[in-house]
Structure formats: structure tokens, C-alpha cells
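First the structure, in the form of C-alpha cells, and then the observations on it.
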Amino acid sequence: MKAPHIACRPIPRRSFLKGSGVALALPLLECMRPAFGKTVEPPRRMLLIANNLGVLPKPFFPEGAGRDYKLSPYLTELASHRDEFTVFSGLSHPGVSGGHSADNCLLTAARGAFRSGFRNSISFDQYVAEQLGQVTRFPTLNLGVNIDKGNRSLSWTRDGVLLPAEDSAPKLYERMFVQGDKESVERQIHRLEGRGSILDTLLDETNRFKRELGADDKVRLDQYVTSVREVEERMLIARAWENKPKPTTTEPPPADIQDRKLFFEKFDLMLSMAQLAFESDSTRIVTLMADAFVTPALRLNEREISTDSYHGLSHHGQAVDKVRQLEEIDRRQMQLLGKTYASLASKKEAGERLLDRTMVFYGSNMGDANIHDNTNLPILLAGGGFKHGQHIVFRRDNNAPLCNLFVTMMQRMGIETDSFASSSGTLTGL
Amino acid sequence: MKAAFFFVICGSLATLRAQVRPPELNRLISTRCAVCHSGGPSAKAGLDFSALSFDLSNRAIRDRWIRVHDRIEKGEMPPKGMPFTAADRAALLKELTPPLYQADLADARKNGRGPMRRLNRDEYEQNLRDILHLPDLDIRDMLPEDREAYHFNKVADTLDMSRVQLAAYLDAAEVALRQAMVTTPEPSPIQKFHTFGRNLFPGLRSTGTRQSMFFIKDNHGVNVESEDDAPPLSKALLEDQTLEMGLFRSPGWPYGAFPRGFAANHSGRYRVRFSARAVLQHPDFILTDAVQAVPMTFRSRRPTNHDIAEDVKSVGGILEIKPGRHVYETIVPLAAGQTVEYGLLGLPVPQVDAQGITGSYRFPPMPPGGQPGVAFNWLEIEGPIPPESWPPASHQVLFDNLGVSPNPAQPKQEAIRLLRRFMSLAARGPVPEEGARKFEQLVLASLDRHEPFADAVLAGYQAFLCSDLFLYLREPTTEFAVADQLSHFLTNSRPDAQLLTARLSDPQTVAHEADRLIDGAGFERFVKSFAGYWLNLRYLRRDDPDKRLFPEYQLDEYLTDSLERETLAFVTALVRDNLPIRNLVQADFVYINDRLAKHYELAPVTGSAIRRVELPKDSPLGGLLTQGAILKVTANGFSTSPVLRGAWIMDRILGEPPTPPPPGIPAVEPDIRGAKTIRDLLTLHTKSSTCASCHAKFDPVGLALENFDVEGHWRTHYRGTAEGEVVKGIDHTGHDFTYTIAGAVDPSGTLADGRTFRSISDLKAIFASNPRQLARNFLEQLTVYATGTPVRFSDRVEIEKMLDACESNGYRARDLVRALVRSKVFLGEYGS
């Protein structure tokens, strides 16, 4: 017995999702559509990725516009995917300022997050999920990397209430794939039925509560009533899904990565989980927030740990060594994006590339984190069947609304709408 | 002229604008403020007085005017250089204050001081623990994390409800109720486990070189000849009852020191008894008796051999293992399938090498005098410890005297009786009859559907525990609501029986009850939660100290744990011992144990228990500012920033949070290239007058703390990686390290008001000279925490009254709490 009692091995690296991929029972759409779907179009999906500290603007934004633009240093990391994505400059949310506090507003475009009494508005992903109806087991999946779950999220309800992100890959895997035995499924269905009557009671009981209430109390109680109603609505659908088998996979569940220094490993893992969710049609919409703001000093590569927290580095003040470390971080994220593009492109669904059915949005609420600037946001869009390979340029001094891009994306999702939040139209040129 | 015109317009639109500015106020604003603050889009800071209504019943407009009031009051506006006399300022405030006060008070009277507040997840868990008599109930992590506002997780406005939140409450309530119910006719059979010698460790060796763990016979290591191999022990040794297992390391991944062959069959509390002695290890695996005790802990975990990413919890407290063989005992809660892991605090943690390459788990060099550790001889685990009665108290809360598997002859009648009984036990006030009937109907409907009796009743309980009646704390308009608010303030849980029956219409009784709760056991929860948020203690483990710069702190959980207990003990003493508030910044004592005595370079003390120690004269220590926990949460593990520390102290301790740069002012990109020292850097930071005026308020405060490193250890020089004298060695985790002694620390500075200090002691004296400010901030933090609503404009006068009342005695902390709970701020109109 050579090895000590405890296996010496590095921080658990996932072994799954590598190579040819995961065996999945695909697609589930066929059996689901008659029951729940509103459309018979091929499914459209979107992956909305955000990093709340953004990237260094100079090496990110390219020179030249249109199809002949020159790849910027960062975008050379995506050179082999040049025709798969579009880079935008001159986009932001009008009137949204407040530096870090705006990171909850990337998908909501709500203004004034830095004020006390601020209330957020519905986020893009939730809005789309509402319009789409529940065509998949999960209307959306809201994921996070190193995320401060209580205080930060990309997803917000109509009432402006935070929807917490999932940051554990094993838990997500379990929700998506782990199938209970017949007995436990029946028990679960029975449980949901019992819960239905409980919710009825709660609604009923609360309706009683209409005596004199202060204005603020009324708002609170309305939130409660809305929540009860929404749980009830979703439960009806959940019960139907409970009867359907979950998709299967031959791969073992992923190992959790808890070490917050391993930012890229976690990011990579969550991107793979997002892809897995699409492949299994567990959901059509995934949000993923990399909470750089609370990420401590991180492992930059095999040899090096950063000399400061991610946030500390972002206030580089042009210090050479900090800028170098940030560039390394930014480039690695571009590489992860490229890997995601490639991986989605390599998968086929009904003869089409998964990438062509999946819009991959990457962006940030920060145009320049060093100075807490919320304008000129770095935005990339890949996939979704758009004509890519362009640099679409808007004015740096008078940005176009980012929500215009959201409207365009929504229309691609098959939703008939011409506005969202602060949009002024669709985004021209895609 | 313009003003008069404006006034006329206002008058004519009286139906639209509820109120107009008083003429004198209008004159002052128009002549003194509107010069810059008017003209629509060009108005400075987006404040346009010509367009700002004076309808103070509108909250947004009132808030705007309150900001105007405050900036004028603090002298921030009008800016320097504008014609504005002290008389102007006084006149303006005299005009502005009364209408704001009246409007705010009217709003509070009409709508309540603050909205009803959802229980946060800590409170929900504790409520259920108390109702169900399940002290170890663990459902907090089933609920989403609560949002934070004004530093706390107790603010009504941000404790939102969503479908996710409600579904989580339903799940958590269900889990709790199922745990409270038993289904077996008798308690789980008691499992008795006894083992010794070789079986006290799962394998034959641990990670880390041999020195980490080995078996001992007659003070000599056995089976230690080869570093790589661990040949099986001889049959004689396997059966040798005198064989000991020696452990010389702290727990840390990957680690697994637990007995062979034990896993709990059932969840419950287990009694762990063992025989052990503290020892010293010398070269060649020779042991002698130790001189000092070694603190030991247990963690509950599954007996797997790696990947302890799962649920691992510290349980059973700290035991001091003394030299010489003794028998020790502790009680640990275990879930089915779990075992107990042994941990020795403050000892080396052999780790993968600094480059992250696996395979090297070097044990650090042996300190002079030997490496401390513990030799274990035998171990017993027995449990689950049966409850005092069967079915247990938790089951009786649910089913009274109906026993296990309740199946009464008259199910409907009994179900209703039980439901009424449960609601009276769980509710924190009277349940309206109409509401109670809804829950009854639910239970009866379940019975009609032929649900099992227990399921039907539990559905009713679950509904009640997720109803608005249970989930929300209400405005203190009744004695029940006052009791509720008071107990959630001081114990994070529901009122006990005495509180529910106390005559709380009398503010004096409220103060008495507060005293009782402060002296009670539940007060620990207040301290943990209040300090966790107010002082960010919950972030103590957020940043690991950098491996290169601070090798001495690597994986030193004993230090982190001690730092946490120090600050908790301090805050506890502040209130319980009714200490003058000055102690927040300047105290002549500290709370330390053996590890902290070393950390703070004080005279050695023995043992892990935190105790009060008087400081030598001229010590820079004492008070919050120099506590390691505070200095750690205000740093990032790598460097200390006077900007961040200064801003933090001004915000948390002095109640002067830095204001974010006003909108409309372009952010200035600081260029820190060429800044050699922290002072160069700060000078560059504040080159722009826009930045400088604010940074002057907090940067210097942080400078005074530069003598304290990222863990709060005293330093005279910075450490670096490039320039300066090189220091090399092997740290206590077996890593090589190299750092340099960089520039000297200069802790002197000048505050914004011109007062200068040479060191932290000077700065502390400056802060201590204004105890009223410290006390005001303390009261304001308590107000948010206790009432879920920050101090309102109309509360301010009440806060000042409380301060007046506490002034003569030096603003003592418990006095301040007492003053708060009997005030209108806490009791609302109920208190008047």
C-alpha cells in the first residue's frame, strides 16, 4: 500500500462533460409540446452571461466597424469563432449609474439602484419566461459563480424581488437528472397535491386580512399574495412534469468546487452545466452571473495566484502588474466563451447546430470598473442564427439602449413584442 | 421678484400642490440655493428648486427635502465660498425642520413607522426550534439568503417575498414538522461503540509526512520505519489495549481522523468519551508528556476518506486535553450515517505545496522543545441519547397525548382540538377566529379525502407556519406585537411565556423584560447576529491571508476562531456589563485566550477560553478598532487599505458613512503608477479637489491603523515580495516561503477638522472624546436592527432624548438599549 490512507489528489476536477459529451435522451420537446407548448417552432434558447466587473475596455473594444473590423487583443482569443459572434460598442442602459449597485440591473435596466428605497424591475430572462410559458421542466435556470446569493442576481421578479442563483453544480445536476423511483415520484406528486390545498388556504386566509392596513403593509401583503399565487400556478405544471421521466445521462454527477479562488474552474463548470441544461431541454433560458465583486484573490493559472482580490485588481489605477493580472483574467474568460461557442456548435439538434438555436450573450454592467463607469458596456452576442462576424458601433458619447438588443433577442425567441424596459426599438444591423 | 412670482403660481395651484413653501423658507432657498440649483437640466446635482414641490406628504419629495436639510445642517451646502452666514443656516433649518418633522410624523402615524417585516431565515429557524423543542433543527440553509440593507438582514423593506421564498418556507416547515414527529413505538435503540488503539484512525497513516499521525507504544512510534510504506501492524499490536494513536496536526483538506467502524445508525445526540493525553513529539518519534494543554474539537461528517465538501460541522465545543492520561466527554449531534472527526486546534496543517502540485504533504520542522499533539488510547460513542420522555416533547407539541401513530376515535374533533392547541403554542399573538377556521377547513378537507390523521393535522400546521400571520412581524400596536419585536430584537426568536404575559403597555416593564432577555441564554444569538452584520463578523473567513506574505497565518483556524470569539465576547460584555460607550474605541482591557495572547504579543495566558485581561499602560490595544477580527474584515488578506478601513470605521463606528460621488460629477480615473508607498497613493487619490474633500474624512482614519496587518497583528514595517530584506523559511503548513521587509509604517495623520494624531492611541483618544457621537451611532444601528426600519426624520428628536438621558452616566451600552426599548421609536404610538 503505497498511497497514504487519503488519496492525494488536486482539488476535485470534474471528469464529466469532456470529450464526446453526455449521453442524453434528446429531445424531450416532442412529448412536451402538445401539453404545454405554445409554439411548434424549433426551440430557441438563450444563455445570458454576466461578469459584474466587466473587462478592461482598451484591449476589448476593436477598431473599425462592420464586417471588416480588426480583432482587438481580447477578441483574438475568439478569432477562430469570428463569424459566430458580434461585438457591440456604445451600448448601455440609459440613466443607469451607481457603479457596483448597477450589477443587479444588467437585465432589468432599472435606474437608481444606488438610492435608498430602490426597487428593481422584472429582468429580461423572467420577462421572456413569462411570455414563453412553461415549455420545459424549468422555466429558467439562474446560475452563479462565487455569487453573493442574498444580495446579487441577474433574475428579478415582476415585483422587483431577487431570485437567488444556484451555485452548486451537483445540486443542479440532481434537479435536472436524478430520477426518484416510482414510489418517491408518487409520494412527490401526492405531496404537491397536498400543497395545493395548503396554498388555497393561504390565499383564502390572507384575503380575510383586508382590514385597515398602512400603505406599506399593503405592498408587503400583496407581495405575499402574489407569491402564493405564483407557487400555486407553477405547482400545477410541476405536478405534470413530475409524471414525466427526467432526461438521463450516463455521466456521474459533477464534483462541487468550493474553493472560491478557482474562479475559472467554477465558471467553466457552470457553463458546462448550462449547456447540459440546453441539451436535455431542461430549460430554454439560463442566466449566469460571475460575481467577480466578491471573488477573493484568485488562481490566475497553474503557477500564480493574484496579488489582490478581483475587485481590488479592478481598481488597477494603471498599475502595470494589476493590469497584467486583469488581462490574464479577461483573456481566460474569453477563452471560456470560445470554448462554449465551440461546444454548442459541435452539438446537433434536429440537424441544426445547437449554437444556431442558442443565443449566447456576454456582458457586464461595468464599462470600466476602475472608475465605476456604467456606460459603454462590453457586449458580445453569439449564436441564435444571426448574421454575425461584425462590430456594431453606436456612439460612445450617447449610447444606444442595451434593451434594444434584448428586444431583438426576444423576437428571435419567437415572442411578439417591440419593447422591453428602456428600449427605443430593435437593434439594427444584426 | 422671481420668488414672488413663484409663490403666486404655487398659490394658484394649491389644489395640485398640497403645500407651499413657507415664505421665509422660500426666500432663503431662492436667494441662497437656487443660484446653482435651478434651471431644469442644468441644475447642479440634478436638484432644481424651481421644480421641487413642497408636498411633504409625498415620501419621495420629503426624502429629497430631508437630504437638503441634512447637507445644510452638516455644513456641506452651500459650498465654501458662497455667501452664507451662520444666521442664514440657522434660519433655514428653523424654517425647514418643523414641517419635515410634522409631515414625517403624520406619515408614521397614518401608515405605521415601518411596514410589517418578514422573519429572516435565522429567525424562522429559531422560532421553529423553540416551538417544536428541536434545538438542533437545521433548516436555515433551505431558505434563500436574506438581502441586506443598512448593514442588516432585518430591514422590512428588503425582506421581500417571492415564489422562491414562499416555496422554501413550505419546504422548511414540512421538514421541521416531520422531524418533530416520531413514528416508532420506542426511541431508537442506543448504539454503543467502543474502540481502542489501532482503530482510532481509519487508515495506517494520515496525509502529511509520518509526523502527522502514528501509533504509539510506550512513548515510541511504531511502524514508522519507512516514510512511504505503512506495513500492517502485527497481530499483537492490533489487539494491544495500551496502544495509542498520536495526532499532531490540525484538520484541513484532505483530512480524515475518525474511528474505524463507526457510523451513527440514527440521528440524534451522541455522547463521546475518550481517554487521551497531551504529548510532545521529539525526533525519531519519541514522546514525552506535554507541558501545556492542547485544545481539541470535533466535527460531524460522513466517514468517507476524502472530499469533505459535504456537510461538515463543528460540534461539541472545545476540550482542553491536558498532560497525563484523563477521560474526556462531550456531546455531539450526528445525523444518521455520520461519525465524529477529531481536530487539534493551532497545530500544523500539512498541505499540498505552495505551487498547488499534489503529492507533497510536508510536515513542518519540529519546533524547539517538541511538537505538541495528543495521544488517544480508547474511545466510546453512545447514542442517540434518548429523550426524557417518549414520544419526545417535539411530538407532543404536534399530537399532545395521542401518542405515536395517533389515530383517535373522533378524528375531526381531535384534529380541530390539536390544531387550535398548536396555533396557541406557535402564534405570537391572538389568531383571528376567521383565520383559524380556514386552517380548520384545510385539516377537515384532508380528513375527508381520507388522508392519514397525522398528515391531515400536519398540513394544517404547515399552512399556519407559512401564513402571513406567522411569517411577519407587525407594527407594535398591541402588547403581543411589542413582545414579538422585543424578543426578535434580543433573542432572534419568539417571545417566551413570561414575555407574552408581561404588561408591556408599561414602558418600564418593557425595559425590565429587556434586561431579563439580555441576561438570558438567547442573548448570544443577538450578539452573533448583530455583530455578524454590524461589524461584518460573518465575513471573517472571506479572505485567506496571502500565502507568500503571511505564512504564519496559513490555515490557522484556531486564530480565526479565537478572533471571532474575542469580538463576540467584547460585544456581549459591552451590553451585559453596561460599559460606557467610549469602550468601543478605547478600552483598558481585552478579551483573549492563549492563541490571542501570542497574536497580540501580550503576556502568555493558558487555555483556549476567552477571558478578560487588563492591558498594560500605553498598550495600543483595547476597543473594537484594534481587534483582529475587525482588522481582518476590513482588509483583503493581501494588503490593508487605509481608504477601506477608514471608510468602514466612519460608517460603522462613528455613523458617518461616506457619501457616494454625486451624480453628474465625472468619475476621475486615479492613476497610481509611480506610487511607492501607501501615502504616495493616497496623495494621488486625492489630487482632485472633488475626491479630496470626501476622502479627507476617512483616509486619515485608516492610516492610523496601518500598524496592524491583515490579521490585526502589530507591525512596524510592511511586507513585500520585491524590495527589502529577504525573509525565508518553512511555515507551519510545511510550505517554503519568502517575503521581504519593505518600507516602515507611518501611522500619523491629520483629520478633516485639522486635529492631528501620531498613532492609533491618539486617534482613539480623539474618538473617545466624543462619546455622544459613538452612542448615537450605536443607537441608530440598534434601531435598524430592532425595528426593521432605519431612523426616520421624526425619530431623530427621540434619539437625542435617549442620548440626553444616558449622558450623565457616560452613555452606557445597556442603558442605551433600555432607553431604546421604552422609546417611541421602538414602541411607536403604543409608547406614548
>> So, in the range B:98-118, how many residues would count as being touching a residue at least 24 places away in the same chain (Cβ under 8 Å) and within 12 Å of another protein chain (Cβ to nearest Cβ)?
In response: 10
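Identify all residues within the range A:105-147 that are closer than 28 Å to residue A:279 by Cα and either facing another protein chain (nearest Cβ under 10 Å) or aliphatic (A, V, I, L, M) (or both); write none if there are none. Spell out how you get there, then give the answer.
Initial filter on the range A:105-147 (closer than 28 Å to residue A:279 by Cα): A:106-108, A:122-147.
Across the range A:105-147, the qualifying residues are A:106, A:107, A:122, A:128, A:129, A:132, A:135, A:141, A:142, A:143, A:145, A:147.
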>> Within the range B:766-831, considering only helices (runs of 4 or more DSSP H) that don't extend past its boundaries, which have at least 2 residues that are within 22 Å of the chain's Cα centre (by Cα) and among the aromatic types (Phe, Trp, Tyr)?
In response: B:771-787
> Looking only at residues in the range B:362-415 that are over 24 Å from residue B:440 (Cβ atoms) and free of Cβ contacts under 8 Å to residues at least 12 places away in the same chain, which one is nearest to the chain's Cα centre (by Cα)?
Replying inline: B:388
> Quick one: how many residues across the range B:189-222 are at the interface with chain A (Cβ under 10 Å from one of its Cβ atoms) and in a loop (DSSP other than H, G, I, E, B)?
Replying inline: 9
> Of all residues in the range B:220-230 being without any contact (Cβ under 8 Å) to a residue 24 or more places away in the chain and in contact with a strand residue (DSSP E or B) (Cβ under 9 Å, 6 or more places away or on another chain), which is surrounded by the fewest Cβ atoms within 10 Å (Cβ to Cβ)?
Replying inline: B:222
> Out of the range A:287-306, which residues are within 25 Å of residue A:101 (Cα to Cα) and facing another protein chain (nearest Cβ under 10 Å)?
Replying inline: A:294, A:296, A:297, A:306
> Can you name the number of the only condition in (1) among the hydroxyl-bearing types (Ser, Thr, Tyr); (2) over 20 Å from the mean Cα position of the chain (by Cα); (3) crowded, with 20+ Cβ neighbours inside 10 Å; (4) under 30 Å from residue A:349 (Cβ atoms) that residue A:248 fails?
Replying inline: (3)
> What number of residues within the range B:132-151 are surrounded by 23 or more Cβ atoms within 10 Å (Cβ to Cβ) and more than 9 Å from chain A (Cβ to nearest Cβ)?
Replying inline: 1
>> Being assigned to a loop (DSSP other than H, G, I, E, B), at pLDDT 85 or above and surrounded by fewer than 18 Cβ atoms within 10 Å (Cβ to Cβ) is the filter here; which residues of the range B:678-727 pass it?
In response: B:715, B:716, B:724
> Residues in the range A:323-344 that are within 14 Å of chain B (Cβ to nearest Cβ) and surrounded by fewer than 21 Cβ atoms within 10 Å (Cβ to Cβ): how many?
Replying inline: 2
> If you scan the range B:402-426, which residues turn out to be buried (at least 20 other Cβ atoms within 10 Å of the Cβ) and closer than 14 Å to residue B:465 by Cα?
Replying inline: B:419, B:422, B:423, B:426
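Hey, any hits in the range A:244-259 for a residue that's outside any loop (DSSP other than H, G, I, E, B) and farther than 26 Å from residue A:150 by Cα?
no
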> All but one of (1) on the phi > 0 side of the Ramachandran plot; (2) without any contact (Cβ under 8 Å) to a residue 12 or more places away in the chain hold for residue A:133; which doesn't?
Replying inline: (2)
> Quick one: how many residues across the range A:171-194 are surrounded by 18 or more Cβ atoms within 10 Å (Cβ to Cβ) and either more than 9 Å from chain B (Cβ to nearest Cβ) or under 23 Å from residue B:140 (Cβ atoms) (or both)?
Replying inline: 4
> Would you say residue B:288 is of a type in the set (S, T, N, Q), at negative phi and under 30 Å from the mean Cα position of the chain (by Cα)?
Replying inline: no
> Got at least one residue in the range B:234-245 being buried (at least 23 other Cβ atoms within 10 Å of the Cβ) and acidic (Asp, Glu)?
Replying inline: yes
> Can you name every residue in the range B:416-435 that is part of a helix (DSSP H, G or I), in contact (Cβ under 8 Å) with a residue 24 or more places away in the chain and either among the hydroxyl-bearing types (Ser, Thr, Tyr) or within 14 Å of another protein chain (Cβ to nearest Cβ) (or both)?
Replying inline: B:419, B:423, B:435
>> Anything in the range A:237-282 that is under 30 Å from residue A:159 (Cα atoms) and either polar (S, T, N, Q) or free of Cβ contacts under 8 Å to residues at least 24 places away in the same chain (or both)? List them, or say none.
In response: A:275, A:282
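Report yes if some residue within the range B:223-238 is out of contact with any Gly (no Cβ under 6 Å at 6 or more places or on another chain), part of a strand (DSSP E or B) and either modelled with pLDDT under 90 or under 13 Å from residue B:372 (Cα atoms) (or both); otherwise report no. Steps first, please.
Within the range B:223-238, the first condition is being out of contact with any Gly (no Cβ under 6 Å at 6 or more places or on another chain), and the residues that meet it are B:223-238.
So of that shortlist, the ones also part of a strand (DSSP E or B) come out as none.
No, the conditions are met nowhere in the range B:223-238.
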> Are there any pairs, at least 6 apart or on different chains, whose C-beta atoms fall under 7 Å, with the first in the range B:199-219 and on the phi > 0 side of the Ramachandran plot and the second of a type outside the set (Gly, Ala, Ser) and surrounded by 20 or more Cβ atoms within 10 Å (Cβ to Cβ), and if so, which?
Replying inline: B:208/B:249; B:208/B:350; B:208/B:361; B:208/B:363; B:219/B:287
> Are any of the residues in the range B:647-667 among the aromatic types (Phe, Trp, Tyr), under 14 Å from residue B:702 (Cα atoms) and more than 14 Å from every other protein chain (Cβ to nearest Cβ)?
Replying inline: yes
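If you scan the range A:84-127, which residues turn out to be part of a strand (DSSP E or B) and under 27 Å from residue A:357 (Cβ atoms)? Write out each step before concluding.
Quick first cut of the range A:84-127, residues part of a strand (DSSP E or B) only: A:85-89, A:91-92.
Correct list: A:85, A:86, A:87, A:88, A:89, A:91.
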>> Looking only at the range A:209-228, how many residues end up being under 12 Å from residue B:163 (Cβ atoms) and either touching a helix residue (DSSP H, G or I) at 6+ places or on another chain (Cβ under 7 Å) or modelled with pLDDT under 85 (or both)?
In response: 4
> Among (1) more than 30 Å from residue B:465 (Cα to Cα); (2) in contact with a strand residue (DSSP E or B) (Cβ under 7 Å, 6 or more places away or on another chain), which single condition is residue B:78 missing?
Replying inline: (2)
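The values are calculated or read from the model by the stated rules, or taken from the named source; none is laboratory data. In this text the structure is predicted, and so the values were computed from the model without any measurement. Methodologically, a virtual Cβ is constructed for each residue, glycine included, from the backbone with ideal geometry; neighbour enumeration extends over all protein chains shown.
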